[in-house]
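Structure, as structure tokens:
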Amino acid sequence: MDNPKTTFNLVGAGLAGSLMTVYLAQKGHEVHVFERRPDMRKNTLDGGRSINLALSARGIKALEETGLLEDIMEISIPMYGRIMHGKEGTITHQSYSNDGKSCIYSVSRAELNMRLMTLAESHENVHFQFDVAADDVNLKTGEITLKNLQDGSTFQAPGERTIAADGAFSAVRYAMQKMPRFDFSQDYLAHGYKELTIPAGPNGEFQLDKNALHIWPRGHFMMIALPNMDGSFTCTLFFPFEGPQSFDALNTREEVQAFFEAEFPDAIPLMPTLLDDYFENPTSSLVTIRCYPWILADKIALLGDASHAIVPFFGQGMNAAFEDCTVMAACVDQGNDDWKAIFEDYQKQRKVHADAIANMALENFIEMRDKTADEDFLFRKKVEHVIGRNIDAYKSRYELVSFSTIPYADAYRQGERNMEILAELMENLDHPDDVDIERAKHMIVEQ
Ligand SMILES: Cc1cc2nc3c(=O)[nH]c(=O)nc-3n(C[C@H](O)[C@H](O)[C@H](O)COP(=O)(O)OP(=O)(O)OC[C@H]3O[C@@H](n4cnc5c(N)ncnc54)[C@H](O)[C@@H]3O)c2cc1C
């Protein structure tokens, strides 16, 4: 190890905190991890519900760097595209890439988190404490006060510096918000979400194509489903909180049954526990959180959702949080133990890209719930696939975000340019196969 060892406090043993712990431990640093919840490896959280996430290139890169990828691939299911379920039972396939080979992976959130924690704990320089929450921050010294949630006692975190990965409602960030000139915004969607289940069939079989992300787009709301290793699917209903079709409007079992029969007729026969799931599972909100700075001198750095919570419609929150870890680890490697410079470098490198993916995630919400059922959108996607098949240099924004690690802000800009190119090429075009490839080549090369 080139740099002298540092003792860290790592607040939050969620996905990003556990992964960052692995990175730091592998570099020989001492890490004290404090997690508010009990040890999830000993407790069944969420009443045993499986909740999954889409893992893609940026997350994969981080898992590869830390040596965990092989292990996680064993519990991951590749999804090669979207399958859209129309109201009248129509099914439309949309590959994520032109050759149909690129995929994202469905992985259990809890299993991934537990494996990351176990890998972190396998290093002797890592010490986990559960049922301990960050409570306050001394903004002059950067010292963190922790609270033991079992006996109510408080104590000071021992490390020289802190990485706070305590999620969207970070207590450390909350304390930092009192710093002069700290920018903060929190924007809730008018939609919330609820997790539901399609269980495995009688012989443990998947009841839908397991290698796809399923979407039931319905204009101002939608349902999606991702596969689990046990043959089930976790469905998520994204639905307005208020209005004629909303969580507020569905209050009885009969109302929920009638709504699902009308809107998701092909899914309802596969959802025998729908009504219990609907009334037992929580309705949760969706928020975008932006803030700046992400650091307090050489003492504290915010990481993952604590610094940039985004809505889940690009499947990138965890992937972006893992990319934070990759970037922070590289800054540590290059920083010669100058922690102020290391933290500054990290926030400078990441902020602009966190903002870009936050915007893309909001835009993708409209695409998924609304446009995946829209004729013009589907036509444009087909044109885009024809171009992509013929011109290697052309990559859709989705491909750039999910299948490459080019910075998010660059993917965002390229996506804008793609839209201009497609709009020009689609003028008076009747069939996607008739698109002028030579002209497309010129436009793509010239940009
Ligand atoms: C419905 C939904 C679907 C999603 N789907 C995807 C997806 O498909 N792909 C994707 O990449 N992302 C997805 N995300 C986003 C992803 O869940 C988050 O971006 C990711 O969990 C962020 O990781 P994190 O470690 O920063 O925060 P978290 O996972 O929230 O972890 C924070 C940890 O800190 C702990 N903690 C909180 N407060 C304290 C405290 N005061 N002291 C100590 N510990 C504390 C918490 O208990 C938790 O363990 C989705 C999000 C939602 C809501």
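Condition check ((1) surrounded by fewer than 23 Cβ atoms within 10 Å (Cβ to Cβ); (2) of a type in the set (A, V, I, L, M); (3) farther than 30 Å from Phe8 by Cβ; (4) outside the structural domain of Glu65 (by TED's automatic domain parsing)) across all residues:
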{"site": "Met222", "(1), (2), (3), (4)": "no, yes, yes, yes"}
{"site": "Pro227", "(1), (2), (3), (4)": "no, no, yes, yes"}
{"site": "Gln245", "(1), (2), (3), (4)": "yes, no, yes, yes"}
{"site": "Glu255", "(1), (2), (3), (4)": "yes, no, yes, yes"}
{"site": "Asp276", "(1), (2), (3), (4)": "yes, no, yes, yes"}
{"site": "Glu280", "(1), (2), (3), (4)": "yes, no, yes, yes"}
{"site": "Leu302", "(1), (2), (3), (4)": "no, yes, no, no"}
{"site": "Glu323", "(1), (2), (3), (4)": "no, no, no, no"}
* Structure fact -> The residue that is nearest to the ligand (Cβ to nearest atom), considering only those in region 174-218 that are charged (D, E, K, R) and under 22 Å from the mean Cα position of the chain (by Cα), is Glu195
* Any idea which of Val383, Val332 is away from the ligand (no atom under 15 Å from the Cβ), in the same structural domain as Gly415 (by TED's automatic domain parsing) and open to solvent by less than 10 Å² (accessible area, probe 1.4 Å)? -> Val383
* Asked: Tell me, which strands (runs of 3 or more DSSP E) wholly within region 109-172 include 2 or more residues that are assigned by TED's automatic domain parsing to the domain that holds Met318, in contact with a Leu (Cβ under 8 Å, 6 or more places away or on another chain) and closer than 26 Å to Gly317 by Cα?
  -> 132-137, 161-164
* Structure fact -> So, first residue at positive phi in region 112-134, second residue aliphatic (A, V, I, L, M) and surrounded by 15 or more Cβ atoms within 10 Å (Cβ to Cβ), Cβ within less than 9 Å, six or more apart or across chains; the pairs are Asp131/Leu149
* Test result for Phe238, assigned to a strand (DSSP E or B), outside the structural domain of Gln347 (by TED's automatic domain parsing) and within 16 Å of the ligand (Cβ to nearest atom) -> yes
* Asked: Quick one: which of Ala341, Ala329 is touching a Gly at 6+ places or on another chain (Cβ under 8 Å), more than 22 Å from Pro217 (Cα to Cα) and not in a strand (DSSP E or B)?
  -> Ala341
* Among the residues of region 359-366, is there at least one that is polar (S, T, N, Q) and open to solvent by less than 80 Å² (accessible area, probe 1.4 Å)? -> yes
* To do: Might you let me know whether region 53-68 holds any residue that is assigned to a strand (DSSP E or B), surrounded by fewer than 23 Cβ atoms within 10 Å (Cβ to Cβ) and more than 13 Å from the ligand (Cβ to nearest atom)?
  => no
* Could you say which residue among Gln316, Gln347 is polar (S, T, N, Q), within 9 Å of the ligand (Cβ to nearest atom) and touching a residue at least 24 places away in the same chain (Cβ under 8 Å)? -> Gln316
* Extreme residue, farthest from Gly388 (Cα to Cα), among residues of region 411-434 that are part of a loop (DSSP other than H, G, I, E, B) and touching a residue at least 40 places away in the same chain (Cβ under 8 Å) -> Leu429
* Could you list, in sequence order, the residues of region 77-88 that are among the small types (Gly, Ala, Ser) and either assigned to a loop (DSSP other than H, G, I, E, B) or assigned by TED's automatic domain parsing to the domain that holds Thr21 (or both)? -> Gly86
* To do: Find the residue count for region 6-32, including only residues that are near the ligand (Cβ under 9 Å from one of its atoms) and either assigned to a helix (DSSP H, G or I) or hydrophobic (A, V, I, L, M, F, W, C) (or both).
  => 8
* Spot the failing condition for Ala297; the list is (1) on the phi < 0 side of the Ramachandran plot; (2) more than 7 Å from the ligand (Cβ to nearest atom), and only one is missed. => (1)
* Structure fact -> When restricted to Pro4, Pro38, the only residue open to solvent by 30 Å² or more (accessible area, probe 1.4 Å) and modelled with pLDDT under 95 is Pro4
* Structure fact -> Of (1) among the aromatic types (Phe, Trp, Tyr); (2) within 30 Å of Ile215 (Cβ to Cβ); (3) open to solvent by less than 40 Å² (accessible area, probe 1.4 Å), Tyr188 fails just (3)
* Which numbered condition Gly89 misses (of (1) within 20 Å of the chain's Cα centre (by Cα); (2) open to solvent by 30 Å² or more (accessible area, probe 1.4 Å)) -> (1)
* Asked: Are any of the residues in region 168-179 among the aliphatic types (A, V, I, L, M), touching a Lys or Arg at 6+ places or on another chain (Cβ under 8 Å) and at pLDDT 95 or above?
  -> no
* Please tell me if Asp355 is more than 21 Å from Gly17 (Cα to Cα) and of a type in the set (D, E, K, R). => no
* Number of positions in region 41-71 that are touching a strand residue (DSSP E or B) at 6+ places or on another chain (Cβ under 8 Å) and modelled with pLDDT under 95 -> 3
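The values are calculated or read from the model by the stated rules, or taken from the named source; none is laboratory data. Please read these numbers as outputs of a predicted model, since none were measured by experiment. Using ideal geometry, Cβ is built from the backbone for each residue, glycine included, and neighbour counts are taken over all protein chains shown. Heavy atoms of the whole protein, side chains included, go into the accessibility calculation; ligands, DNA and RNA do not. Shrake-Rupley method; radii C 1.70, N 1.55, O 1.52, S 1.80 Å.
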